[in-house]
Amino acid sequence: MESFTDIRSMNMEELTAAVTAAGEKKFRAKQIYGWLHQKLIRTGDEMKNVPASCRQTILKDHPLYGVTEVERYVSKIDGTTKFLFELHDGNIIESVLMKYRHGNSVCISSQAGCRMGCRFCASTLLGLERNLYPSEMLDQIYAIQRATGERVSHIVVMGTGEPFDNFDALCRMIELVSDENGLNISRRNITVSTCGLVPKIYAFADTYPQVTLAISLHAPNDAMRKELMPVANRYSMKELMEAAAYYVEKTGRRITFEYSLVKDVNDRKEHAEMLAALVKGLNCHINLIPVNPVKERDFRQSEQNHIQAFLHILEKHHIQVTVRREMGRDISAACGQLRKGYKERSGNG
């Protein structure tokens, strides 16, 4: 597992080693950790009970990275809030706050851009800029909690980027955000979505059995999936479903399959029957997603009668299925849409 040297990405062990290497007392590490992960500070100067000389020495070798809010949009439909954040190097990422009866859920990005190339997704149109540090993933949550004054109880790693393409940083973020000395968010309240990097599904099941896994499926067979998702050229549907079955067996948890419904592409009754046969016998939930139109693509959203027919076929086969409620449609809350628009407006697209 990779170790990280920016201060908010470091675990207590690494921070303690850095503090003692700087000639400071060990207890300073716990103080600093509390400022970073409980009080959610933005600058080193806010660490009031840590001597300035100690702060300066530590931060010289271990910079404090985070996010800075650039724009915020609030949906008039459902109150969903979309944040555009800038990173220390000028990269732009986006996060979404969704308020539910069960608590506040934040959808975070794991990369600046994405290299997976899924054809219906705006996130991938500009390619991958870079991986995010654990600190930058965490600070999306921290910044939203600071901005709203309300506790975040659920995390979804389903924004821009492929989380398993940034595996070590993802794992460190989970370790830190679920730490009792930090926000202490239950791992059962964390969901990670992958387009299907098969070896990482096995590794993740072994490492974080309490975390919920969602797999972007979007097609019921190899031929269709290859048309929509380049990752399907690397891993077959058989390999993917074997990995999904391993996750269920290893963790005892239900797996979620995301299936974006695209008009006249993958939304016919025969596709629903094929999907039902594919997941038969697996403890799973299928999340049907009416696709968000992206102007660079010619995909259109399925009609309501097709969505309902698809749903009923899966229900007939006793498969747990829901149609995802569209959140923040009026503020382009789908992955990558706002970020791309912002970069185009500012001349960086």
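Overview of results
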quantity: For the range 124-190: Kirkwood Rh in Å [reciprocal of mean 1/r, alpha carbons]; calculated: 12.7 Å
quantity: Ranked 173, 10, 241, criterion: other C-beta atoms within 10 Å, fewest first; calculated: 241, 10, 173
quantity: For 32, 201, 190, order by how many other beta-carbon atoms lie within 10 Å, fewest first; calculated: 190, 201, 32
quantity: Expected 222 nm ellipticity per residue - DSSP helices of 4 or more, -39500 (n - 2.57), all of the chain, to 500; calculated: -10500 deg cm²/dmol
quantity: Cα-only Debye scattering, the chain: base-10 log of I(q)/I(0) at q = 0.15 Å⁻¹; calculated: -1.30
quantity: Distance between modelled label sites at residue 263 and residue 283, nm, 7 Å Cα→Cβ extension; calculated: 4.0 nm
quantity: Net length gained if the chain between residue 312 and residue 30 were fully extended (0.36 nm per residue, minus Cα distance); calculated: 96.1 nm
quantity: Extension gain from residue 3 to residue 39, taking 0.36 nm per residue of separation minus the Cα-Cα distance; calculated: 10.6 nm
quantity: Rounded FRET efficiency, nearest 0.05, which uses the C-beta distance separating residue 130 from residue 150 and R0 of 41 Å; calculated: 0.85
quantity: Rg [Å, one decimal], Dmax [Å, integer] - the range 222-269, C-alpha atoms; calculated: 12.8, 37
quantity: Tilt relative to the chain, helix 167-177 - C-alpha long axis, 0 to 90 degrees, to 10; calculated: 60 degrees
quantity: Dimensions (Å) - the range 7-61, Cα atoms, principal axes, largest first; calculated: 24, 22, 19
quantity: Long pairs among 26/250; 76/280; 200/226; 76/269; 60/200, criterion Cα-Cα beyond 31 Å; calculated: 26/250; 76/280; 76/269; 60/200
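We did not get these values from a lab; they are worked out from the coordinates using the rules stated. Quick caveat, the model's predicted, so the values are computed rather than measured. Positions of Cβ are generated from backbone atoms using ideal geometry, with glycine treated the same way; all protein chains shown enter the neighbour counts.
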